[in-house]
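Everything below concerns the one structure shown next.
The values are calculated or read from the model by the stated rules, or taken from the named source; none is laboratory data. Predicted, not measured: the structure shown is a model, and the values here were computed from it. As a convention, Cβ positions derive from the backbone with ideal geometry for all residues, glycine included, and neighbour counts pool all protein chains shown. The protein model used for the area step is the full one, side chains on, heavy atoms only, and it has no ligands, DNA or RNA in it. Shrake-Rupley method; radii C 1.70, N 1.55, O 1.52, S 1.80 Å.
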Amino acid sequence: AEVFARYLHEKLEHEYPLSETTKGMFETILHESRWDVKYLGLQVILEGLAMGLFTRMYQAAQEPLLRELLHFVRQDEARHFAFGVLSLRDTYREMLSEAERHEREDFAFEICRIMRGRTYPKEAWEALGLPVDACRQAMGEAARKSQAQLSSFTRVTSALKTVGMLSDRMRPHYAQIGLLKYEDTPLEELQSDGVTA
């Protein structure tokens with residue numbers, strides 16, 4: 001957050017706030033008192049999504065400083081993600097009652113559902129003088145035709161399976177929003193430094 005804030009302020013001299021949906025989700029996770037639920041929301045799901053997003057940004061970026069920042073941020077995100085997955089994998093096998101497991105499965109799915117239907121940059125469109133409704137419709141149609149947004153979930157779905165949050169009860173829900181196909185994606189990030197999933 002700090003490096004991107006500095007890049008935005010010093011190089012672009014402008015930034016847009018988080019959408020209310022995204023901001024609300026972060027606040028909910030950060031105010032969660034149970035460490036494992038916080039890890040599940042932040043380090044497994046949101047860090048996993050961030051890695052996908054930053055990878056796409058890195059591939060598209062042409063400005064050298066931004067590419068360099070994205071390279072290092074992706075490495076940092078991978079460490080956070082791997083730490084979250086490895087921390088929860090064994091913990092969830094041993095400590096959860098059925099009710100606790102269901103609560104966490106539902107929590108994880110709700111975050112994925114919200115992020116799958118990610119909100120659009122309304123403020124940016126307004127600042128550019130673009131018609132918000134027409135932009136939203138065009139983006140929605142493009143998302144349905146493109147696999148780019150879904151590809152951000154490749155690590156997330158597989159990580160949820162690794163930590164035991166992709167049960168038979170939840171599989172139909174993930175299938176319905178198109179995310180189940182990523183359940184067997186290898187988690188290379190967990191295989192660095194001799195640590196394997």
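So which of ARG79, ARG101 is over 13 Å from the mean Cα position of the chain (by Cα) and either of a type in the set (Ser, Thr, Tyr) or open to solvent by 70 Å² or more (accessible area, probe 1.4 Å) (or both)? Checking each option against the conditions leaves just ARG79.
Would you say MET95 is exposed (fewer than 15 other Cβ atoms within 10 Å of the Cβ) and not basic (Lys, Arg)? In short, yes.
Kindly indicate which of LEU69, LEU86, LEU65, LEU53 is under 21 Å from ARG104 (Cα atoms), of a type outside the set (Ser, Thr, Tyr) and out of contact with any Asp or Glu (no Cβ under 8 Å at 6 or more places or on another chain). Of LEU69, LEU86, LEU65, LEU53, the one residue that is under 21 Å from ARG104 (Cα atoms), of a type outside the set (Ser, Thr, Tyr) and out of contact with any Asp or Glu (no Cβ under 8 Å at 6 or more places or on another chain) is LEU86.
Scan segment 8-35 for residues that are charged (D, E, K, R) and at pLDDT below 80 and report the count. Full working, then the answer.
Applying the first criterion (charged (D, E, K, R)) to segment 8-35 yields 10-11, 13, 15, 20, 23, 27, 32, 34.
Pick out the ones that are also at pLDDT below 80 and you get 13, 15, 20.
Matching residues across segment 8-35 total 3.
If the condition is being open to solvent by 80 Å² or more (accessible area, probe 1.4 Å) and either part of a loop (DSSP other than H, G, I, E, B) or in contact with a helix residue (DSSP H, G or I) (Cβ under 9 Å, 6 or more places away or on another chain) (or both), then segment 1-33 contributes ALA1, LYS11, GLU13, HIS14, GLU15, TYR16, PRO17, LEU18, THR28, LEU30, HIS31, SER33. When residues in segment 142-171 are screened for being modelled with pLDDT of 60 or more, surrounded by fewer than 16 Cβ atoms within 10 Å (Cβ to Cβ) and among the hydrophobic types (A, V, I, L, M, F, W, C), 1 of them pass. Figure legend. Inter-residue proximity from segment 52-70: first residues farther than 12 Å from TYR7 by Cβ, second residues open to solvent by 60 Å² or more (accessible area, probe 1.4 Å) and in a helix (DSSP H, G or I), beta-carbon distance below 7 Å, spacing 6+ or different chains. Indicated pairs: PHE54/ARG74; THR55/ARG74; TYR58/ARG67; TYR58/HIS71; TYR58/ARG74.
Name every residue in segment 172-195 that is basic (Lys, Arg) and at pLDDT 95 or above, in order of residue number. If the condition is that a residue be basic (Lys, Arg) and at pLDDT 95 or above, then no residue fits.
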